[in-house]
1. Restricting attention to segment 117-129, and to residues there that are surrounded by fewer than 21 Cβ atoms within 10 Å (Cβ to Cβ) and at pLDDT below 90, which single residue is nearest to residue 301 (Cα to Cα)?
2. Within segment 99-106, is even one residue of a type in the set (Val, Ile, Thr), outside any helix (DSSP H, G or I) and touching a residue at least 12 places away in the same chain (Cβ under 8 Å)?
3. Does any residue in segment 263-291 that is farther than 22 Å from residue 152 by Cα and modelled with pLDDT of 90 or more come within less than 6 Å, Cβ to Cβ, of a residue that is surrounded by fewer than 21 Cβ atoms within 10 Å (Cβ to Cβ) and basic (Lys, Arg) six or more places away or on a different chain, and which pairs are these?
4. Does residue 275 satisfy the condition of being crowded, with 21+ Cβ neighbours inside 10 Å, more than 16 Å from the ligand (Cβ to nearest atom) and not β-branched (Val, Ile, Thr)?
5. Does segment 228-243 contain at least one residue that is of a type outside the set (Ser, Thr, Tyr), at pLDDT 90 or above, over 17 Å from residue 284 (Cα atoms) and in contact with a Lys or Arg (Cβ under 8 Å, 6 or more places away or on another chain)?
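The values are calculated or read from the model by the stated rules, or taken from the named source; none is laboratory data. Note that the structure is a prediction, hence the values are computed from the model and not measured. Cβ coordinates were reconstructed from backbone atoms using ideal geometry, including for glycine residues, and neighbour counts include every protein chain displayed.
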Amino acid sequence: MNVRRRLIPVTALTAVTALGIGTLSACSSDTAAAGTGKFDVVASFYPMAFLADRIGGNHVHVTSLTSPGQEPHDLEISPKQIALLQDSDAVLYLKNLQPSVDDAVAQSPVRTKIDAASLTTLEEHGNEVGGHAAAHDSHPGEESGGKDPHIWLDPVRYAQVAEGVGKAFEKADPGHAADYKKNTAALVKQLNELNTQFEQGLADTRTKVFITTHAAFGYLAERYGLTEEAINGLDPESEPSAARVKDLEKMARADGVSTVFYETLVSDKTAKTIAGDAGLRTDVLDPIEGITDRSRGKDYFSVQEANLKALRQALGAK
Ligand SMILES: [Zn+2]
């Protein structure tokens with residue numbers, strides 16, 4: 001389903017960077033401490049760590065490969081992290097988001113490998129806008145097959161992933177299966193409630209169109225009948241051309257758009273330039289790829305609630 005129309009022609013797919021796969025051959029003897037006495041889970045980035053924390057509760061020790069504030073797509077896994085991976089009981093990751101993690105997991109002997117992307121359905125949003133990768137320094141493979149990796153921003157898909165992670169934990173650590181089951185049920189219930197909040201909050205709005213600098217909200221848009229206009233192919237540090245701004249202005253007028261959204265982990269310069277030229281306001285729509293002091297909330301749920309509030313205001317909710 002086509003939820004994003006192409007706004008601006010994408011020309012920035014040329015800046016392909018080489019992947020630092022060389023680090024993978026190094027240093028497997030430099031192992032980390034052998035276990036914590038708990039079920040040791042290595043999570044690739046925040047949305048995975050949050051699931052592991054909530055589902056595992058007291059029984060798990062969760063380590064995230066991506067530190068808070070770090071753009072997850074840019075992660076280059078270190079030899080130390082590879083050692084950590086080897087000593088862990090399980091790894092929870094999202095294939096095609098972080099190529100460096102995919103490679104490390106593929107080569108790792110860790111017994112339980114949980115790929116979140118395999119626990120829900122993925123769609124091709126990238127083709128319509130020239131690829132989310134363009135907004136993130138064009139990492140090849142980020143959306144291999146054109147699949148949009150940003151499933152966690154759709155509460156329904158995130159709940160499906162939670163169910164799968166719960167089952168995987170039960171199987172890998174059967175001594176605590178009852179607790180994993182209980183924690184999963186509680187998390188899924190909370191995600192269902194969040195879904196209802198979004199459905200009701202976005203049901204009646206003046207416009208259905210919103211503009212983002214980061215093409216991360218395709219699943220969310222589709223879930224709630226919205227259209228994401230992603231300003232793709234623009235380097236966050238570069239200024240858009242006059243022609244691009246003109247296109248944007250035209251579209252914004254036609255669709256009654258009020259706001260250009262930017263995200264917390266990347267510069268807001270592009271959003272501010274476009275908004276200034278088009279007479280629009282700017283606001284934050286957080287892709288929740290990490291939680292920092294600048295996040296509008298302390299965890300997935302509170303940031304999603306802030307996202308809903310921002311969307312309601314931008315779309316003119318009644
Ligand atoms: Zn992203």
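1. Restricting to residues being surrounded by fewer than 21 Cβ atoms within 10 Å (Cβ to Cβ) and at pLDDT below 90, the top hit is 124.
2. Within segment 99-106, not a single residue is of a type in the set (Val, Ile, Thr), outside any helix (DSSP H, G or I) and touching a residue at least 12 places away in the same chain (Cβ under 8 Å).
3. Taking only residues 6 or more apart or on different chains, the pairs are 282/272.
4. Numbers: crowded, with 21+ Cβ neighbours inside 10 Å: yes; more than 16 Å from the ligand (Cβ to nearest atom): yes; not β-branched (Val, Ile, Thr): yes.
Here the answer is yes, as residue 275 does meet what is asked.
5. no
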